[in-house]
Amino acid sequence: MMFFYSELSGSLETISSTSSKGKDDHEKQRKKEEQAKKKQEEKERKEKERKEKEEKDRLRKEQLEQKKKEKEEEKKKKDEEKRKKEEEKKMKKFFNLKGSESPVKQGTAINSYSGKEESHDLAFIKGELLYIIRFEGNPEGKWLAKNKEGKYGYVEITDVYCDGDGDDVYDEAMSNEIPEESDGEGVTEEVYECVDL
(Lines give C-alpha, C1' and ligand atoms only; values in the text may rest on other atoms or scores of the structure.)
Protein backbone atom coordinates (compact mmCIF):
# COMPACT_ATOMS: atom_id res chain seq x y z
CA MET A 1 0.00 0.00 0.00
CA MET A 2 2.81 2.15 0.59
CA PHE A 3 3.76 1.82 -2.94
CA PHE A 4 0.29 2.86 -4.00
CA TYR A 5 0.34 5.87 -1.69
CA SER A 6 3.66 7.10 -2.95
CA GLU A 7 2.47 6.61 -6.53
CA LEU A 8 -0.75 8.43 -5.76
CA SER A 9 1.11 11.19 -4.04
CA GLY A 10 3.45 11.55 -7.06
CA SER A 11 0.48 11.63 -9.40
CA LEU A 12 -1.19 14.28 -7.32
CA GLU A 13 1.94 16.36 -7.36
CA THR A 14 2.14 15.95 -11.14
CA ILE A 15 -1.52 16.86 -11.50
CA SER A 16 -1.04 19.76 -9.15
CA SER A 17 2.00 21.04 -11.04
CA THR A 18 0.22 20.47 -14.39
CA SER A 19 -2.83 22.29 -13.07
CA SER A 20 -0.62 25.09 -11.78
CA LYS A 21 1.20 25.23 -15.11
CA GLY A 22 -2.16 25.35 -16.93
CA LYS A 23 -3.30 28.17 -14.71
CA ASP A 24 -0.08 30.07 -15.44
CA ASP A 25 -0.50 29.50 -19.18
CA HIS A 26 -4.11 30.55 -18.98
CA GLU A 27 -3.14 33.68 -17.02
CA LYS A 28 -0.41 34.49 -19.54
CA GLN A 29 -2.87 34.03 -22.40
CA ARG A 30 -5.42 36.26 -20.67
CA LYS A 31 -2.77 38.97 -20.11
CA LYS A 32 -1.68 38.71 -23.75
CA GLU A 33 -5.28 39.12 -24.89
CA GLU A 34 -5.79 42.12 -22.58
CA GLN A 35 -2.61 43.73 -23.88
CA ALA A 36 -3.68 43.10 -27.49
CA LYS A 37 -7.10 44.54 -26.72
CA LYS A 38 -5.53 47.60 -25.08
CA LYS A 39 -3.21 48.05 -28.07
CA GLN A 40 -6.16 47.79 -30.44
CA GLU A 41 -8.18 50.29 -28.39
CA GLU A 42 -5.19 52.64 -28.29
CA LYS A 43 -4.73 52.30 -32.04
CA GLU A 44 -8.45 53.01 -32.64
CA ARG A 45 -8.31 55.99 -30.26
CA LYS A 46 -5.29 57.44 -32.08
CA GLU A 47 -6.94 56.87 -35.47
CA LYS A 48 -10.09 58.64 -34.25
CA GLU A 49 -8.03 61.57 -32.92
CA ARG A 50 -6.14 61.75 -36.23
CA LYS A 51 -9.41 61.86 -38.22
CA GLU A 52 -10.87 64.51 -35.88
CA LYS A 53 -7.72 66.62 -36.27
CA GLU A 54 -7.85 66.25 -40.06
CA GLU A 55 -11.52 67.31 -40.06
CA LYS A 56 -10.77 70.34 -37.85
CA ASP A 57 -7.86 71.30 -40.12
CA ARG A 58 -10.06 70.91 -43.22
CA LEU A 59 -12.81 73.07 -41.69
CA ARG A 60 -10.29 75.71 -40.58
CA LYS A 61 -8.76 75.75 -44.07
CA GLU A 62 -12.24 76.14 -45.64
CA GLN A 63 -13.04 79.01 -43.26
CA LEU A 64 -9.76 80.75 -44.09
CA GLU A 65 -10.38 80.30 -47.82
CA GLN A 66 -13.94 81.63 -47.42
CA LYS A 67 -12.69 84.68 -45.51
CA LYS A 68 -10.00 85.26 -48.13
CA LYS A 69 -12.59 84.98 -50.91
CA GLU A 70 -14.95 87.39 -49.11
CA LYS A 71 -12.12 89.91 -48.64
CA GLU A 72 -11.19 89.63 -52.33
CA GLU A 73 -14.83 90.11 -53.38
CA GLU A 74 -15.17 93.09 -51.03
CA LYS A 75 -11.97 94.60 -52.45
CA LYS A 76 -13.23 94.03 -56.02
CA LYS A 77 -16.55 95.65 -55.12
CA LYS A 78 -14.81 98.68 -53.57
CA ASP A 79 -12.46 98.96 -56.54
CA GLU A 80 -15.41 98.76 -58.96
CA GLU A 81 -17.31 101.42 -57.01
CA LYS A 82 -14.22 103.62 -56.99
CA ARG A 83 -13.74 103.09 -60.74
CA LYS A 84 -17.40 103.92 -61.42
CA LYS A 85 -17.20 107.09 -59.32
CA GLU A 86 -14.04 108.19 -61.11
CA GLU A 87 -15.60 107.43 -64.49
CA GLU A 88 -18.78 109.30 -63.55
CA LYS A 89 -16.74 112.26 -62.32
CA LYS A 90 -14.78 112.28 -65.59
CA MET A 91 -17.98 112.08 -67.65
CA LYS A 92 -19.68 114.82 -65.63
CA LYS A 93 -16.67 117.04 -66.17
CA PHE A 94 -16.66 116.31 -69.91
CA PHE A 95 -20.42 116.90 -70.27
CA ASN A 96 -20.22 119.99 -68.02
CA LEU A 97 -22.64 118.63 -65.42
CA LYS A 98 -22.77 119.93 -61.87
CA GLY A 99 -23.51 117.41 -59.15
CA SER A 100 -26.48 115.09 -59.59
CA GLU A 101 -28.69 116.32 -62.40
CA SER A 102 -32.22 114.96 -62.30
CA PRO A 103 -33.41 113.35 -65.51
CA VAL A 104 -35.65 115.57 -67.61
CA LYS A 105 -37.39 112.58 -69.09
CA GLN A 106 -37.27 108.78 -69.34
CA GLY A 107 -37.09 106.96 -72.62
CA THR A 108 -36.82 103.47 -74.03
CA ALA A 109 -34.19 102.51 -76.59
CA ILE A 110 -35.83 101.65 -79.92
CA ASN A 111 -32.65 100.08 -81.32
CA SER A 112 -29.41 98.67 -80.01
CA TYR A 113 -26.24 100.72 -80.37
CA SER A 114 -22.67 99.79 -79.44
CA GLY A 115 -21.63 103.41 -78.88
CA LYS A 116 -18.52 105.26 -80.00
CA GLU A 117 -16.12 106.27 -77.29
CA GLU A 118 -14.43 108.97 -79.37
CA SER A 119 -17.77 110.72 -79.96
CA HIS A 120 -18.94 109.99 -76.38
CA ASP A 121 -22.03 108.14 -77.57
CA LEU A 122 -23.79 105.93 -75.04
CA ALA A 123 -24.05 102.21 -75.75
CA PHE A 124 -27.48 100.67 -75.17
CA ILE A 125 -29.61 97.70 -76.15
CA LYS A 126 -33.09 97.67 -77.57
CA GLY A 127 -35.68 98.07 -74.81
CA GLU A 128 -33.21 99.51 -72.30
CA LEU A 129 -34.46 102.33 -70.06
CA LEU A 130 -32.53 105.57 -70.58
CA TYR A 131 -32.71 108.78 -68.58
CA ILE A 132 -32.58 111.94 -70.68
CA ILE A 133 -30.47 114.49 -68.82
CA ARG A 134 -30.30 117.33 -71.29
CA PHE A 135 -32.12 118.22 -74.54
CA GLU A 136 -30.02 121.29 -75.43
CA GLY A 137 -26.30 122.01 -75.61
CA ASN A 138 -25.57 118.67 -77.30
CA PRO A 139 -24.38 117.77 -80.79
CA GLU A 140 -27.11 118.22 -83.38
CA GLY A 141 -29.76 115.47 -83.36
CA LYS A 142 -28.59 114.05 -80.01
CA TRP A 143 -29.63 114.16 -76.37
CA LEU A 144 -27.47 113.63 -73.34
CA ALA A 145 -28.62 110.47 -71.54
CA LYS A 146 -27.65 108.21 -68.66
CA ASN A 147 -28.28 104.47 -68.26
CA LYS A 148 -29.06 102.47 -65.09
CA GLU A 149 -25.34 101.85 -64.48
CA GLY A 150 -24.78 105.60 -64.29
CA LYS A 151 -22.90 105.92 -67.59
CA TYR A 152 -23.42 109.13 -69.54
CA GLY A 153 -23.35 109.64 -73.28
CA TYR A 154 -25.09 111.06 -76.29
CA VAL A 155 -28.00 109.21 -77.92
CA GLU A 156 -29.58 109.87 -81.29
CA ILE A 157 -33.04 111.39 -80.83
CA THR A 158 -34.38 108.81 -83.29
CA ASP A 159 -33.04 105.91 -81.18
CA VAL A 160 -35.07 106.77 -78.07
CA TYR A 161 -38.83 106.69 -77.59
CA CYS A 162 -40.31 108.82 -74.84
CA ASP A 163 -44.03 108.69 -74.00
CA GLY A 164 -45.76 111.62 -75.68
CA ASP A 165 -42.83 112.23 -78.03
CA GLY A 166 -43.43 114.87 -80.64
CA ASP A 167 -42.41 118.43 -81.32
CA ASP A 168 -45.32 119.88 -79.35
CA VAL A 169 -44.48 117.84 -76.23
CA TYR A 170 -40.78 118.59 -76.63
CA ASP A 171 -41.52 122.31 -76.99
CA GLU A 172 -43.85 122.33 -73.97
CA ALA A 173 -41.38 120.41 -71.85
CA MET A 174 -38.65 122.88 -72.75
CA SER A 175 -40.73 126.03 -72.29
CA ASN A 176 -41.56 127.60 -68.98
CA GLU A 177 -45.00 128.66 -70.12
CA ILE A 178 -48.08 126.76 -69.00
CA PRO A 179 -50.86 126.63 -71.62
CA GLU A 180 -54.21 127.96 -70.53
CA GLU A 181 -57.74 127.19 -71.73
CA SER A 182 -61.05 128.82 -71.03
CA ASP A 183 -63.95 126.73 -69.69
CA GLY A 184 -66.45 128.88 -71.57
CA GLU A 185 -67.61 130.83 -68.50
CA GLY A 186 -64.78 133.29 -68.39
CA VAL A 187 -62.81 131.24 -65.89
CA THR A 188 -59.38 130.26 -67.04
CA GLU A 189 -58.18 126.75 -66.23
CA GLU A 190 -54.59 125.74 -66.33
CA VAL A 191 -53.85 122.72 -68.51
CA TYR A 192 -50.83 120.59 -67.72
CA GLU A 193 -49.19 118.10 -70.04
CA CYS A 194 -48.07 114.88 -68.34
CA VAL A 195 -44.38 114.41 -68.90
CA ASP A 196 -42.52 111.44 -67.44
CA LEU A 197 -39.55 112.42 -65.34
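The values are calculated or read from the model by the stated rules, or taken from the named source; none is laboratory data. Keep in mind it's a predicted model, so treat the numbers as computed, not measured. Reconstructed Cβ throughout: ideal geometry from the backbone, glycine too, with neighbour counts over all protein chains shown.
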message = Checking the conditions here, which among Gly99, Gly115 is surrounded by 12 or more Cβ atoms within 10 Å (Cβ to Cβ) and free of Cβ contacts under 8 Å to residues at least 60 places away in the same chain?
response = Gly115
Answer from Lys76, Lys82, Lys32, Lys92 - the residue that is assigned to a helix (DSSP H, G or I), over 30 Å from Tyr131 (Cα atoms) and not hydroxyl-bearing (Ser, Thr, Tyr) = Lys32
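Taking the conditions exactly as written (under 16 Å from Val155 (Cβ atoms) and part of a loop (DSSP other than H, G, I, E, B)), does Gly137 satisfy them or not?
Yes: the conditions hold for Gly137.
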Answer residue from the stretch 157-171, given it is buried (at least 16 other Cβ atoms within 10 Å of the Cβ) and not in a helix (DSSP H, G or I) and is modelled with the highest pLDDT among those = Val160
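If I go through the stretch 140-150 residue by residue, how many of them are outside any loop (DSSP other than H, G, I, E, B) and closer than 22 Å to Arg83 by Cβ? So that I can check it myself, show each step before the final result.
If we filter the stretch 140-150 for residues that are outside any loop (DSSP other than H, G, I, E, B), which is where we start, we get 142-146.
Restricting the remaining residues to those that are closer than 22 Å to Arg83 by Cβ gives 144-146.
Result for the stretch 140-150: 3.
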query = Which condition number in (1) surrounded by 10 or more Cβ atoms within 10 Å (Cβ to Cβ); (2) charged (D, E, K, R); (3) touching a residue at least 12 places away in the same chain (Cβ under 8 Å); (4) within 15 Å of Gly153 (Cα to Cα) is the one that Lys90 fails?
reply = (3)
